[in-house]
Each structure stands twice: as C-alpha cells, then as structure tokens.
Amino acid sequence: MSLSPSAAFDLPPGGVALVGAGPGDPGLLTLNALRALEAAEVVLYDRLVGAGVLALANPAALRIEVGKSAGNHSMPQEQIHALMLEHARAGRRVVRLKGGDPFVFGRGGEELEYLHAHGIPYRVVPGITAAVACAAYAGIPLTHRDHAQSLRLMTAHCRDSVDTLDWASLAQERQTLAVYMGVAALGHLRERLLAAGRDPATPFALVENGSRPEQRVVTGTLDDLAATAQAHAVASPALLILGEVAALAAQLHWFGATPLGPPPAEPALAQAA
Ligand code: SAH
C-alpha cells in the first residue's frame, strides 16, 4: 500500500503525536495514525489499544504501557506527562497512542496542554471514537430521520459526574445518548432518566468490545437496563447506546453474534404449602 504523505503530519524528532487508535479493529486506523506508528521511536499506549494496532508500530520502537481502567489507575497522569517529556527531550519521536479518539474522554486535552506548556512540538491524529465504531458494528445509525435528530456523547464514570448532568435535556425523546465508561453506573442512569420522564420502553444497546472479534451486543429497554446488563455480565469496555435508534440493532446487525435480549422473567416460585 502506498500512503501519500499528508502535509499535516510530519512529526519532528523530539515531537509527540497524540494518536487515536480507534476501538480495536486495526482496519479502523487512519493512514496518518499508521504513518505515525511507523515513524515512532517510543510508543506510550493505553490498555484499551488492541494488540493488532500495536503490532503495526515500528518494530524497533520502545513500547510502554501506560494504561489505566476505571478503579485501576496503573499510572498516574503526571507520570504519563513526565514520560512524554523525558522521551521528547531526548530527541525521540514519541507516539502517545490512545483508544478511540484522543479528544473524546481520553484526557488528550490535558496531555496537549502539558506539551504546549513545555514547548514540545506536537501533532494530533484523530481516531474513530467508540460511539461511532460501536454503532456501526452493531448496525445502529446514531441519527436517523425517523428516530433521532441529535446525539449526545456523555460519560457516567462515577456517581459525582452523573449527578452534575442536565437530566431534563438528556431525557428528551428522539435523541441518542452514547454513554462512555457507564457500566458501573447503569442503575443510577436508569433511575435518573426515568425520573426525568424518559419513556421506560426506550430501547438500548450495550456494545461490549465493539469492533473486536469478541464483540457482544445486549439489547433491551430502559426499564430493564441495569438488570439485563447484570444478567449478561456486561463488562468494560462497553458503550451504552440509548434511544429510539437502538431498536434497529435487531434488524440491522451484521457483525459478530446476534444481539442478546433481556433474560426471560423468572417464573414465580410455587408457594410452599
Ligand atoms: N477516547 C476513547 C474513550 C476512552 S474512555 C474513545 O474515543 O473511544 C473508555 C470508554 O470508552 C470505555 O469505558 C467504553 O465505554 C468506551 N470504549 C472504548 N473502546 C471500546 C470498545 N471497543 N467497545 C466498547 N466500548 C469502548
């Protein structure tokens, strides 16, 4: 494959490229991301970055995992900053490889501010964010003339961040919510949306490991959101798509296993005499 050089991408020695790795499928990398990986002398990568993507980096590059997952902060942000600075100041081409897009819930903003403050030259390569990839791989159009006129990207990382959200506007119908890092907060999310007037019959799809061979899609309605996720033991990384459009997964899915539905209601236990 010949990649024509892109004027926007020419990482100098001692520079850092913040690169979006997409959601896992290496086919979803951009050509600029691939060019950056091939030119990298140091790759600082997140845990969410797939092995298939990492394998495309310059074989001679030093690879350092700086990953973190909710509740398991394996490396503090300050240490990631310090590593970028150390390798850049040593004159190396550094790729800071992040899952999805670097500027969507990825702390890319903080990293760029840090590089800027320290006079390190930088580039940013956008990536396909989880909401876009999960929707595509689950057959869910995020907007649709009949079902959704707007899309909200939001996070429900912890109780505190959930509590500061504007629930009246989030509960509007004909709107799609794409919720990042929400697995632990589904019960709270359901409660808040119902209290703000969202229809309990609003469809949802939870996409676990979107775009990866082990992708699972679990569907249901807002009313059974937390119970269904629990019944299927949905685990991180998973993205919640909530809104009228989510119902289309049943018909339009094309990748991986057929979407799983809510578990059948428990039969009532016979009363002991
Ligand atoms: N910058 C990333 C998001 C980082 S936050 C992006 O643009 O996609 C991490 C959250 O993203 C996870 O908790 C999950 O909600 C979501 N996510 C990332 N990759 C995913 C994948 N392959 N499948 C499902 N959700 C994913």
**Item:** Amide proton proximity set for I128, modelled H, under 5 Å, gap of 5+
**Value:** G22
**Request:** Specify which residue in the list A131, V53, Q230 is farthest towards the positive end of the charge dipole of the chain, using unit charges on the beta carbon of Lys, Arg (+1) and Asp, Glu (-1), about the Cα centre.
**Result:** V53
**Fill in**
Under the 7 Å Cα-to-Cβ spin-label approximation, Q149 and A60 lie apart by a distance in nanometres of 5.7 nm
**Request:** For the stretch 206-235 and the stretch 110-160, write down the distance between their C-alpha centroids in whole Å.
**Result:** 20 Å
**Asked** What's the Kirkwood radius of the stretch 159-222 in Å, using all Cα pairs?
**Response** 12.8 Å
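Give the average over all directions of the projected area of the C-alpha convex hull of the stretch 65-197, one decimal, in nm². The partial results should precede the final answer.
On the way: hull surface 39.8 nm².
So the mean shadow area of the Cα hull is 10.0 nm².
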**Asked** For the stretch 12-128, what's the relative contact order in percent, using C-alpha pairs closer than 8 Å and at least 6 residues apart?
**Response** 44 percent
**Request:** Please list the non-local residues whose amide H lies under 5 Å from the amide H of A156, H modeled 1.01 Å from N, same-chain partners needing a gap of 5 or more.
**Result:** Y180, G182
**Message:** Over the chain, with a Gaussian network built from C-alpha contacts below 10 Å, which listed residue (A117, A238, A40) shows the highest mean-square fluctuation?
**Reply:** A117
**Item:** Global geometry of the stretch 12-128, whether rounded, prolate or oblate, following the gyration tensor of its Cα atoms and the 1.5 cut on a/c
**Value:** rounded
**Complete:** The Cα radius of gyration of the chain, divided by 2.2 N^0.38 Å with N its residue count, comes to 1.11
**Complete:** Note to self, the chain gives a 222 nm [θ] from helices alone (DSSP H runs n ≥ 4, -39500 (n - 2.57) apiece, / all residues, nearest 500) of -7000 deg cm²/dmol
**Asked** Just how large is the dipole of the chain about the Cα centre, in debye to the nearest 20, putting +1 at every Lys and Arg Cβ and -1 at every Asp and Glu Cβ?
**Response** 540 debye
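A short reminder: the numbers here are calculations on the coordinates, not readings from a lab. Just so we're clear, the structure is a prediction, and the values are computed from it rather than from any experiment. Positions of Cβ are generated from backbone atoms using ideal geometry, with glycine treated the same way; all protein chains shown enter the neighbour counts.
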